[in-house]
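Shown next, in structure tokens, is the structure this report addresses.
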Amino acid sequence: MSEAGKVIEIEVLRYRPEQDAAPVTQMFRVPFTDDMSVLQGLQYIKDHLDGTLSFRWSCRMAICGSCGMMIDGKPKLSCKTFLREFYPAGLRVEALAHFPIERDLVAGVDDFIVKLESIKPYLIPKESRRLEQGEYLQTPHELEQYEQFSSCINCMLCYAACPQYGLDSKFTGPGVLALLHRYNADSRDGGRDERMQLVNAEEGVWSCTAVGYCSEVCPKAVDPANAVNLNKVESAKDYFLRFVRKQ
Amino acid sequence: MSGRRPYVRSMNGWWRRDPFFVRYMIREATALIVAAYALVLLAGVLCLAQGEAAWNGWLAQMQRPVSIVLHVLMLAVMIYHTYSWFEIMPKTMPALFVGGKRVSAAAITMTGLAAAVAAAAATFAVAWMLRP
């Protein structure tokens, strides 16, 4: 079957703060082939139809986490979603939901970055070792406790899938809490006590109502809903065990 | 001077935006009906404590056609509630390993549903055997 001559309609929610009071939609007709991603469709628009269109991208292979956007209302990586899925009906793209729109398809992610830094997303060694003592050893079972949560690429699709974050952005949110769990669940890490303050806070795990859509949209199978809900148990244990724990 | 003027979109009607959110809202709403049914049973227990006349009055209320229709509706809601509860269960559990292999989310959900069906069948069997 010939692929020549196929054209798809892409509706883009545009917002140019210097001229638009509110976002407006703009329609583009984009010639495409079956191997073209939505990101490539946007690149075609920028190169041939309207050079003012703004969007983030980098790796084109679902590892940098830059090109997340709402595609027909669902949070997706535009590099990992293909135009052919939407032919002939066409598609609509919009900046990631629940974040402010900075410009066109670029979401303002300052809040996410602040939260990401707040959870100390690095190993805080349980015991300090000198170089000659060798590496920190870990069994395959210990690795398995946190491995899936370490796959997060900070693409923020889970935030765009989380109505609790959309309704109140004080919520720490699925992605950052999953990363927090990634370090707390690491047998080499000793930073749990510092991070539990954030877990136990009202903006921590207790703002989650187990909608579960975050895990559904995650392109890396991190399962943030699992990390958040596991930490509800951890938080409850933290609360009750203080009565019996030796000081 | 910064030209930044971030635009915040409204959350009005958020739960209608995606079928996933609609299912979530139904799941949450079924909890209210489950609670309502618990109150119906609690009323029965209170009537039982008040003596035979009150108990028979409660039984008569339960046998009215409108009450039977409500019970059928509440049963349907309860079944959906049970299903949705076990559907989300794998998200609330730590990774489970059997024989060194991780138990899949689907297996956890199916085990939970099977347990619920078995418990319901056992309750029904006991009620059937104890019927007057």
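Bear in mind that the values in this text are calculations on the coordinates, not laboratory data. Just so we're clear, the structure is a prediction, and the values are computed from it rather than from any experiment. Please note: Cβ atoms are built from the backbone with ideal geometry, for glycine as well, and neighbour counts cover all protein chains shown.
Tabulated results
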| quantity | calculated |
| --- | --- |
| Proximal charge balance of residue B:3 [Cβ under 13 Å; K/R count +1, D/E count -1] | +1 |
| Cys with no candidate disulfide partner in chain A (beta-carbon separation under 4.7 Å rule) | A:67, A:79, A:152, A:155, A:162, A:208, A:218 |
| Residue among A:19, A:164, A:133 with the largest mean-square fluctuation in a Gaussian network model of chain A, springs linking Cα atoms under 10 Å | A:133 |
| Spherically averaged projected area in nm², based on the convex hull that wraps the Cα atoms of the stretch A:26-166 | 12.2 |
| Translational D in µm²/s for the stretch A:171-214 (Stokes-Einstein at 25 °C, 0.890 mPa s, Kirkwood Rh from C-alpha pairs) | 224 |
| Radius of gyration, Dmax [chain B; alpha carbons; angstrom] | 22.3, 84 |
| Where Rh is the Kirkwood radius over Cα pairs, Rg/Rh for the stretch A:110-241 | 0.98 |
| Summed residue charge, Cβ within 13 Å of residue A:9's Cβ, Lys/Arg positive, Asp/Glu negative | +1 |
| For residue A:171, net neighbour charge (Lys/Arg +1, Asp/Glu -1) across residues whose Cβ lies under 15 Å away | -1 |
| Sequence of B:28, A:202 once ranked by neighbouring C-beta atoms within 10 Å, starting from the fewest | A:202, B:28 |
| Estimated [θ] at 222 nm from DSSP helical runs (n ≥ 4, -39500 (n - 2.57)) normalised by residues in chain B, nearest 500 | -24500 deg cm²/dmol |
| Degrees separating the helix B:19-50 axis from the principal Cα axis of chain B, which is the longest one | 30 |
| Debye intensity ratio I(q)/I(0), log10, the protein assembly as shown, q values 0.14 Å⁻¹ (C-alpha model) | -1.24 |
| Gaussian network model of chain A, Cα within-10 Å springs - most flexible of A:73, A:51, A:108 | A:51 |
| The stretch A:7-107 - Debye-derived log10 I(q)/I(0), Cα point model, q = 0.13, 0.21 Å⁻¹ | -0.40, -1.09 |
| Chain A: calculated mean residue ellipticity at 222 nm from DSSP helix runs of at least 4, using -39500 (n - 2.57) | -8000 deg cm²/dmol |
